[in-house]
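Read through the structure below, which is laid out as structure tokens, and then see the notes.
Computed from the coordinates by the stated procedures, all read-outs in this text should not be read as laboratory data. Everything numeric in this text was worked out from a predicted model, so none of it was measured. All Cβ positions, even for glycine, are placed from backbone atoms using ideal geometry, and neighbour counts span all protein chains on display.
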Amino acid sequence: MSNPLDDSLVRAVAVVGLAGVALIHVLDAHDTFVEAPYKGWLYVGLIASTLVTAGLLLRRPSRAAWIGAAVLPLSAFAAFVWSRTVGLPQGAGDIGNWWEPLGLSSLFVEACVAAVAVHVLGPVRRPTGVRVGLRPAEGALR
């Protein structure tokens, strides 16, 4: 039997993390809109999506909400890495700029949220077939 506190705690961590992803992108949105409006609109989409996903996790967690909690932060993480390596259109100035504090904060929060969501979605399987990780709390995936 699962402990309801475990499910509540895991969901709370994910909700706070998703709100953190949204906040970090709100803080960077003005400069991003000035530099490249299309990136600003991508930020708006990410902000809205993370807040909706957080709301879904607060109301009643579902597999779809947990998938969103994994995919949204991982997408932002990947976009950051892409922008710092090969660059995005109208963003060549970001290439190599790995130490920007807001960007590092974003990577940290995104990685944490994605890790929690992946944990809830299921155990990682090693190539040998041995399970690693904990099972999600009962009722976490409705």
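Calculated FRET efficiency, L121 to S8, Cβ-Cβ distance, R0 = 22 Å: about 0.80 to the nearest 0.05. Scalar couplings 3J(HN,Hα) for segment 88-99, obtained by applying the Karplus form with A = 6.51, B = -1.76, C = 1.60 to θ = phi - 60°, are 10, x, 6, x, 4, x, 7, 4, x, 8, 7, 9 Hz; x denotes Gly and Pro. Among D6, D94, the order by Cβ neighbours within 10 angstrom, fewest to most, reads D6, D94. Listing R60, R11, R84 from fewest to most neighbouring C-beta atoms within 10 Å gives R60, R84, R11. Using a simple spin-label model with pseudo-atoms 7 Å out from Cα toward Cβ, V81 and D31 lie 2.3 nm apart. Here r is the Cβ-Cβ distance between Q90 and R60 and R0 is 41 Å; the resulting FRET efficiency, rounded to 0.05, is 0.55.
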